[in-house]
Amino acid sequence: MTKEEMTEPHERRPAGLAAHPRISRITLILLAAVIAAAAAVLYSTIRSGIRARVQADTVLKQDTLDMAVPTVAVVRPEPGSSAEELVLPGNAQAFVATPIFARVSGYLRKWYSDIGTRVKAGDLLAEIETPELDQQLHQARADLGAAQANYELARITAERYQNLLKTEAVARQDVDNKVGDMQAKKAVAASAASNVRRLEELQRFQKVYAPFDGVITARNTDIGALIDAGANSPGKELFDLSATHRLRVFVNVPQTYFRWAAAGKPAGLTLAEYPGRVFTGVIARTADAIDPTSRTLLTEVDVENKTGELLPGAFLSVHLRVGARSGAVSLPANTLIFRAAGLQVAVVRAGKAVLVPVTMSRDFGTTVELSDGVTTSDLVIENPSDSLTSGTSVRAIEVHPGKDTK
């Protein structure tokens, strides 16, 4: 076989020779498709990652901005009540109370009334033994007798001299001397009589009487005790007498409410010893002047006490009816801001805090009543920070007064 013959079969298989290029082309196409798909997936993945990253950055930025805005609890002011009750501490005193002193010095002979005894005006309380006063009175009466005798002698002598003057038996000068002596003796007798009456009046003070109806609240002496009338030193009181049929209750009304402490208005009185019971009193009078120290008005409430259930010196609670101001609103006390600019509250308007000046009319402790500055439609910030200023962006969460904010 020749060389040509040997190579002829290979030259006769053009299909074999043509198949090899087709396989390579398909492979390239598939490879290109795979690469394109992979590129598309990669591009999509990268694009999605970039979008997610951008979105995350946007959300983070927004969250950061949102976190920078403080969240505050706000409340709405409540309308002030049309009438409220003001409760103030009061001190009960006897309508009339006086210490009883001795008018004369001596020794206590007997006493007739002890503490708690109810007496009438004119009742005998005690007797004082006054031996020195008795002797002074005896001496004064004797002096009065001598003075009257001297006066009578001088009167008779003056009359005789006047009769002798008519006959010119005596000189006019002698007559004038006798008349003058008579007038002097008359004045001495009158002075002695006055001294006797003075001592007799003092002697009446040996018996100590009650000056008015009341109850003996103190007895500071006993039988045989030395009684000093206090001529040279302050005397010691024998009894304390108090009229308790009516009591005076003194209460200090704050300046804010002095308009409602007018004479003639009723007032309720309560004691812890009588739970659920209210005694009715009437405002009798006021001091008509504000105490510059306490800024209060001293007010007296009179209450009838015919049964003696109320005791002088007792502590009572005085209930006064006071009215609310027109347009007044009530807010928790923790909404107030005390600064150099005056009393303020922080109100949320259009997402921003605004400091508003207000005027407080009444203080109830946990709540306050404001007469102007805010209305019931405002949102007022509770517990505002010291650094809060007008224009600060805030996020408001409305709560009810007295409830926790969550």
Within the stretch 248-259, is there a residue that is of a type outside the set (Lys, Arg) and free of Cβ contacts under 8 Å to residues at least 40 places away in the same chain?
yes
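Quick grid of which residues meet (1) charged (D, E, K, R); (2) surrounded by 14 or more Cβ atoms within 10 Å (Cβ to Cβ); (3) over 18 Å from Gly80 (Cβ atoms):
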residue	(1), (2), (3)
Val301	no, yes, yes
Glu309	yes, no, yes
Phe315	no, no, yes
Ala346	no, yes, yes
Ala350	no, no, yes
Val354	no, yes, yes
Met360	no, yes, no
Thr366	no, no, no
Glu369	yes, yes, no
Sort out which residues of the stretch 83-126 are more than 30 Å from Ala267 (Cα to Cα), part of a strand (DSSP E or B) and of a type in the set (D, E, K, R), and write them in order of number.
Arg109, Lys110
Just to be sure before I move on: is Arg295 under 23 Å from Phe315 (Cβ atoms) and under 16 Å from the mean Cα position of the chain (by Cα) in the structure I sent?
yes
Among the candidates Ala243, Ala267, Ala192, Ala187, single out the residue that is among the small types (Gly, Ala, Ser) and either without any contact (Cβ under 8 Å) to a residue 24 or more places away in the chain or surrounded by fewer than 16 Cβ atoms within 10 Å (Cβ to Cβ) (or both).
Ala187
Elements of type strands (runs of 3 or more DSSP E) contained in the stretch 281-365, each with 3 or more residues being within 30 Å of Thr117 (Cα to Cα) and outside the structural domain of Pro384 (by TED's automatic domain parsing)
296-304, 315-323
Which listed residue is among the charged types (D, E, K, R) and more than 16 Å from the chain's Cα centre (by Cα), from Arg321, Arg285:
Arg285
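Here is a yes/no grid of residues against (1) closer than 30 Å to Thr217 by Cβ; (2) of a type outside the set (Val, Ile, Thr); (3) at pLDDT below 90:
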site	(1), (2), (3)
Gly313	yes, yes, no
Leu316	yes, yes, no
Ala328	no, yes, yes
Pro332	no, yes, no
Ala340	no, yes, yes
Val345	no, no, no
Arg362	no, yes, yes
Scan the stretch 218-229 and give yes if some residue there is of a type in the set (Val, Ile, Thr) and in the same structural domain as Ala147 (by TED's automatic domain parsing), otherwise no.
no
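The values are calculated or read from the model by the stated rules, or taken from the named source; none is laboratory data. Everything numeric here is computed off the predicted structure, so don't read it as measured data. Reconstructed Cβ throughout: ideal geometry from the backbone, glycine too, with neighbour counts over all protein chains shown.
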